[in-house]
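Notes follow once the structure below has been shown.
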Amino acid sequence: MHDKFIPIKEVTLKNNCPECFNTQGLRLTFKQRFIETQFYKSITADIKQEINCNICHSIIYPVQWTDDIERVVEYQKRAFTPKKTSRYLKKASWIIIGLIGLVFLAFVITVIYPKL
Ligand SMILES: [Zn+2]
């Protein structure tokens, strides 16, 4: 099973990086959780934000966010539209559903028409 957060949107921030104080490096990334199993693929409603600095290559964790960064993140959150959640079954699921259907049908036929 693959369970991963896929980047959906990236925003360049003009805030100072809390690590290197550069104003060119911060990138806010919105990620959405995707789940893929053998049987289905699913887009979930789980969203997370991550801030990275391209200059000093650090991940800026929420504890390091300044008030300014928090404000911008809040603003960007409101502007962000996540992908619609969805789930679709893969071929393996349909084959199993088909097999269960056949077994069920065979069962019903032998129970209802035992004399045939
Ligand atoms: Zn930095």
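Here are the numbers for the structure shown:
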item	result
Residues located in segment 64-93, provided they are over 23 Å from the mean Cα position of the chain (by Cα) and either loosely packed, with under 10 Cβ neighbours inside 10 Å or closer than 22 Å to THR44 by Cβ (or both)	ASP67
Conditions (1) modelled with pLDDT under 95; (2) surrounded by 10 or more Cβ atoms within 10 Å (Cβ to Cβ): number failed by VAL111	(2)
Search result, residues across segment 15-30 that are more than 10 Å from the ligand (Cβ to nearest atom) and surrounded by 18 or more Cβ atoms within 10 Å (Cβ to Cβ)	ASN15, LEU28, PHE30
Residue tally, condition in contact (Cβ under 8 Å) with a residue 12 or more places away in the chain and of a type in the set (Asp, Glu), over segment 28-84	4
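The values are calculated or read from the model by the stated rules, or taken from the named source; none is laboratory data. None of the values given here were measured: they were computed from a predicted structure. So basically every Cβ, Gly included, is an ideal-geometry build from the backbone, and we count neighbours across all protein chains shown.
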